[in-house]
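The structure under discussion appears below in the form of structure tokens.
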Amino acid sequence: MSTPLADTTNPDLGLLYAVNGLAKRSPQWLDHLVSWIGEYGILLGLAMLGLVGWLQARRRPDAPVAIAGLLWVPLSVAIAELANLPIAAIVDRPRPFVDHPGLLVLVDGKAGTHSFVSDHSTMTMAVAVSLFLVNRKLGWIAGGLALLQGFCRMFMGVHYPTDVIGGFALAVAVVLLLAPIAMAVLVPFCHALSRTAVAPLIRAPERGGAGGAGGTGRGGAPRGRRRGRGAVRSEEQPPESDLAA
């Protein structure tokens with residue numbers, strides 16, 4: 001027997017019918033496209049953002065710290081999904097189309113599964129928040145994809161609005177509350193990896209190799225002393241005080 005949460009309030013149900021009604025009025029090709037985006041496309045897009053974030057993080061002065069933040073992205077997703085298991089079992093809320101057969105369901109195989117909270121919404125918002133801690137620009141993009149994910153789940157008729165909101169809230173709580181503990185472990189781990197054979201995965205190799213700063217000019221003199229009186233000004237930037245770029 002489902003809990004009272006399954007007796008959805010009118011605003012929750014009304015918003016679901018309004019969004020799902022768009023699917024009823026849309027051409028079939030658009031319904032298929034939104035279904036694919038909501039089921040797979042956004043997750044693939046977030047994976048691409050993670051790849052871009054990794055390529056950029058390797059070139060930062062604080063590369064091991066930034067890579068540690070990126071490692072927290074998939075870990076936070078996994079922890080949030082594990083946290084959702086007991087929540088879903090306790091709430092035991094059926095899918096909206098079970099109690100409301102008038103909804104148009106665009107995907108199969110959802111019957112018999114829990115509705116609260118939305119797994120897809122949890123995953124996408126966990127990626128967005130954790131990625132924002134490392135790279136704010138990519139985090140904003142991921143946040144937009146997370147909101148789109150929530151819309152798609154309602155468009156497809158498989159989640160109530162409160163399922164989506166619950167997934168967002170769970171993801172934010174897990175990422176922000178556990179991030180300090182995770183970083184306390186991951187940062188030393190990434191610093192240690194940067195001194196091993198997998199160092200190129202943590203920090204991008206410096207361009208020019210050893211000949212950049214200590215190389216010699218055409219006449220054999222050190223490049224740093226080619227200008228007689230003028231001391232070479234350092235081009236190095238201080239390490240970033242904020243993890244986000």
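Bear in mind these aren't lab numbers, they're just calculated from the coordinates by the rules spelled out. None of the values given here were measured: they were computed from a predicted structure. For neighbour counting, all protein chains shown are included, and Cβ atoms are generated from backbone atoms with ideal geometry for every residue, glycine included.
Just a few scattered comments:
- Pairwise label distance in nanometres, residue 207 with residue 181, each label 7 Å out on the Cα-Cβ vector: 4.2
- Phi angles across the range 140-153 convert, under the Karplus curve 6.51 cos²θ - 1.76 cosθ + 1.60 with θ = phi - 60°, into 3J(HN,Hα) values of 5, 5, 5, x, x, 5, 5, 5, 5, 4, x, 4, 4, 5 Hz, Gly and Pro given as x.
- Paramagnetic label reach from residue 151 (point 7 Å along Cα→Cβ; backbone nitrogen cut-off under 20 Å): within the range 115-132, residues 118-129.
- Potential extension, residue 136-residue 24 segment - 0.36 nm per residue separation minus Cα distance: 36.6 nm
- D_trans [Stokes-Einstein, Kirkwood Rh over alpha-carbon pairs] for the range 28-193, 25 °C, 0.890 mPa s, µm² s⁻¹: 149
- Separation in nanometres of the label points that stand 7 Å from Cα toward Cβ, at residue 90 and residue 47: 3.3
- Ordering 196, 124, 162 by the number of other Cβ atoms within 10 Å of each residue's own Cβ, fewest first, gives 196, 162, 124.
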